[in-house]
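A short write-up of the structure that comes next.
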Amino acid sequence: MASLTKEIASSSSSSVPFSSTDHPNHYKYEVFLSFRGEDTRHNFIDHFRSALCDKGIETFIDDKLRRGEEIPAALVKAIEESRVSIIVFSPNYASSRWCLDELVKILECRKSKGQEVRSVFYKVDPSDVRHQRGAFGKAFATLDQHKHKDSMEKWKAALTEAANLSGWPFKDGEYEAKFIKKIIGELSTQVVNPSCDLHVTEHPIGIKSFSEEVCKLLRVEENSVHMVGIWGPGGIGKTTIAKAVFNSIRHRFACSCFLAEVRSNSNDLAKLQKGLLVDILGDSTLEVSSVDQGVSFIKTRMRKQKVLIVLDDVNHSSQLQKLVPYPGCFGPGSRVLITTRDKRWLIAHQVDEVYQVKMLKDHQALNLFSLNAFKSNAPPGEYLKLSQRAVRYAQGLPLALIVLGSHLFRRSIEEWEAILDSSRREDPHIEIRDVLKISYDALGADLKGYFLDIACFFKGWHVENAKPRLDACYDLKSVNGIARLQEKALIRIDDDIIWMHDLIEEMGKDTVHQESPDELGERSRLWSEDDVNYVLTNTTGTNKVIGIQVLTSNISLNAKSFSTMKKLKYISIIPIIYYESFWRNIDYLSDELRWLEWPHCPLQCFPADFHAKKLVNLNIHRSSIITHLWEGYKVLSLNYEQSRS
């Protein structure tokens, strides 16, 4: 690896990372339509504008401005404030000086502002527009060349330039509805709304070559239905590759859907089915009342659609059977891409191809590590050997490289040596987990609590819902704690949702498990329904338990259930169904309790000696049998009335 620094430096200067182009969202209109009214206003343009509006694409159409010698300032401004201009060339387009001036202005904005310009050739040949010949040329010839001698060459050049741009030719005999649907599909995915591209990754090292290899297996040009699996261990980049592939080819399909976190949401397959159907069919009012109904919809409603579907993080064959039952469910040319850690699900579902994700090569791994450890493509000379050691330690696994690099950022050589010496194992899986745990071990007490709470309770939650719970339980403010965990690459925030990589989540939950491998009541956090019921039924909780959160269909209690948990700060018991299994009282609740969330609470009253001085939230809405709370202090910072609504 001695020559890796030079290799990275030379390659980074000559290539552009594989990523989506960022487009600033400062346009007033998505589309500006330039057209010849007498040819198209009451047929093609009317249908085209309606289709654009149906897709929510803000469109400017000149149907109110008065004609004059020059195009008015309002029209010029509309062109400048549009993301993309579409020129509809029709047989009489070139007979209008107004249209030609619009065209010149549009092309000026293309050069000066980088705006997209596309052409529709409506019943005219692109070559006739390019060379001003045929019926199109005759229309152009009707202009008074003497009167417009200063503009003629400019107009000719503009017609030639526009005809050479990417566009859509329409000929007599074609179905307008089908033609317009094709244009709308390409516009909505490729041009008008590039911000709909999925965020791939901050540093897409190696992603371009990996995604290109997957695209070859997908055989997008073929008209058959094709299913491909992406297989590899957690943290290797399967989801990242799938996102890159999705962004690069989705414009080729009439409809597309990226169904993320399938494994995490597998307890509600009907919800996943609805997400898939809404994305593909575009019908947000569609309801899926059961998994069986969802399967029926998928089998019958997509058979004529050319679709691109990505199922991310599948961990059971039943998910595939219920979401993408078999190739015949989808129209010709459709593609299904599946990511999973377990190859057997792909084999069982008889996918056409399986792509095994490879670890990063040494120079790629050092590049990715350096971008996180030094914010540059290569390590400084004095850190090179230590960086090479860290890269070997992470074994080319992208997630481990990112986490370890982020942890070592701005640390001294002595600190690097101590960290890399701190954990050495022979089992590669344990070693990778140790790499991830290095960042956790270096956290302060409150940040460790934040991390474990997110891993066990709050992954996938909206930030604003998790913040008050964290604020209630720790001195460290949640805005600071969440930001510091992001800096450590232990969590990420996407669209205000808290996300954590599966491997990091597993490491956090395993940390709690290792607190007491054999005794559930000796663990700091309980989140499994079976575990919670065991501890509450058998009264095995101890002072070690500080948090309980569970979605449950049945909760088992006795009077002493909470009596041995003196340090309990957080209780969130959410019934999936309303239960009537316990109608008595409990003898004890911890005076350390900060957050109590228990809709349909089955208690008649709380312990009389409960001291609620630290309680900041009480949510017991729809708890119809509670007759009174507790004796004494009841002044708390709660939102009780709001929680009832």
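Computed about its Cα centre, the charge dipole of the chain is approximately 1140 debye, with only Lys, Arg, Asp and Glu carrying charge at their Cβ. Our summary of shape: the Cα atoms of region 121-167 have principal axis extents of 31, 19, 13 Å, ordered from largest down, in whole angstrom.
Ellipsoid fit via the Cα gyration tensor, region 311-432: semi-axes of 40, 16, 11 Å, each the root of five times an eigenvalue, largest first. 3J(HN,Hα) along region 477-484, derived from phi through the Karplus expression 6.51 cos²θ - 1.76 cosθ + 1.60 where θ = phi - 60°, amounts to 5, 4, 4, 6, x, 5, 4, 5 Hz, with x in place of Gly and Pro. Taking the 0 to 90 degree range and rounding to the nearest ten, how far is the long axis of helix 428-441 tilted relative to the main principal axis of the chain, both from C-alpha atoms? The helix 428-441 is inclined about 80 degrees to the chain.
Equivalent ellipsoid of region 190-293: semi-axes from √(5λ) of the C-alpha gyration tensor, largest first, are 25, 18, 15 Å. Can you grab the distance from the C-alpha centre of region 279-358 to the C-alpha centre of region 371-401, Å, no decimals? So the two Cα centres are separated by 38 Å.
Volume of the convex hull of region 500-564 (Cα atoms only), normalised per residue: 83 Å³.
Peptides 613-620, 349-356 ordered by packing proxy, namely the average of other Cβ atoms within 10 Å per residue, highest first: 613-620, 349-356.
Mean silhouette area of region 460-516, derived from the convex hull of its C-alpha atoms and averaged over all directions, reads 4.3 nm². At q = 0.16, 0.18 Å⁻¹ the log10 of I(q)/I(0) for region 32-177 amounts to -0.85, -1.10, computed by Debye summation with a single uniform scatterer per C-alpha, solvent ignored.
Rg and Dmax of region 144-246, based on Cα coordinates, read 21.7, 73 Å. Hydrodynamic analysis of region 392-509 uses the Kirkwood radius over alpha carbon pairs. Inserted into Stokes-Einstein at 4 °C and 1.567 mPa s, it gives a translational diffusion coefficient of 88 µm²/s. By accessible area, using a 1.4 Å probe on protein heavy atoms only, region 118-161 has 46% of its surface on carbon and sulfur. Note on region 226-285: with neighbouring protein chains present and a 1.4 Å probe, carbon and sulfur make up 46 percent of its accessible heavy-atom surface.
In the chain, taking the dipole from charged Cβ atoms about the Cα centre, the farthest positive-side position among Ser82, Phe258, Pro325 is held by Ser82. The Cα trace of the chain gives Rg and Dmax of 30.8, 101 Å, the first to one decimal, the second as a whole number. Binning the C-alpha pair distances of region 140-191 at 10 Å intervals from 0 yields a P(r) profile of 19, 31, 27, 21, 2 %, listed from the shortest bin outward. Among Arg392, Arg219, Arg41, the sequence by solvent-accessible area, most first, with a 1.4 Å probe is Arg392, Arg219, Arg41.
Considering only Pro204, Ile491, Phe179, the residue lying farthest towards the positive end of the dipole of the chain is Phe179, judged by Cα position with unit charges set on Cβ.
Beta bridges per DSSP, both residues in the chain: antiparallel share near 5 percent.
Counting only heavy atoms of the protein chains and using a 1.4 Å probe, His146 has close to 140 Å² of accessible surface. Per residue, the chain exposes an accessible area of 47 Å² to a 1.4 Å probe, with every protein chain left in place. Of the residues Leu384, Tyr355, Phe409, the one whose Cα sits farthest toward the positive end of the charge dipole of region 344-486, with +1 on the Cβ of Lys and Arg and -1 on the Cβ of Asp and Glu, is Tyr355. How would you classify region 253-292 from its alpha-carbon gyration tensor, with a ≥ b ≥ c the square roots of the eigenvalues: rounded for a/c under 1.5, else prolate if a/b is greater than b/c, otherwise oblate? It comes out oblate by the Cα gyration axes. Restricting the calculation to Cα atoms, every distinct pair contributes to the Kirkwood radius of region 85-140, found to be 11.5 Å.
Post the alpha-carbon centroid distance, region 102-132 to region 215-263, in whole angstrom. Centre-to-centre (Cα) distance: 34 Å. Only helical runs count toward this figure. For the chain, summing -39,500 (n - 2.57) over DSSP H runs of n ≥ 4 and dividing by all residues gives -12500 deg cm²/dmol at 222 nm.
Relative to the longest principal axis of the chain, what angle (0 to 90°, nearest 10) does the C-alpha long axis of helix 176-186 take? So the helix axis and the longest Cα principal axis differ by about 50 degrees.
The values are calculated or read from the model by the stated rules, or taken from the named source; none is laboratory data. If you're wondering where the values come from, they're calculated on a predicted model, not measured in any experiment. For neighbour counting, all protein chains shown are included, and Cβ atoms are generated from backbone atoms with ideal geometry for every residue, glycine included. Side chains are part of the model used for accessible areas, which takes the heavy atoms of the whole protein and leaves out ligands, DNA and RNA. Shrake-Rupley method; radii C 1.70, N 1.55, O 1.52, S 1.80 Å.
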